[in-house]
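Some notes on the structure that comes next.
The values are calculated or read from the model by the stated rules, or taken from the named source; none is laboratory data. Quick caveat: nothing in here was measured; it's all calculated off a predicted structure. Cβ atoms come from the backbone with ideal geometry, glycine included; neighbour counts cover every protein chain shown.
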Amino acid sequence: MAMTAGTTTTFPMSNHTRERVTVAKLTLENFYSNLILQHEERETRGENWKSFNKQH
């Protein structure tokens with residue numbers, strides 16, 4: 001779908017192509033979602049490590 005000035009245009013697409021697009025979209029969404037989670041976990045572990053090192 002292309003968006004132009006508030007209108008939506010659809011392009012003819014086979015079911016196979018539509019399924020492939022959906023899989024690709026979900027794969028990318030999951031990748032970036034996991035990337036954010038991993039970054040947050042890494043930051044938390046880094047903070048825990050710093051506080052652990054200050055105590056010892």
Does at least one position in the stretch 3-13 carry a residue that is modelled with pLDDT of 95 or more and of a type in the set (S, T, N, Q)? no
For T22: the one exception among (1) surrounded by 10 or more Cβ atoms within 10 Å (Cβ to Cβ); (2) modelled with pLDDT under 95: (2)
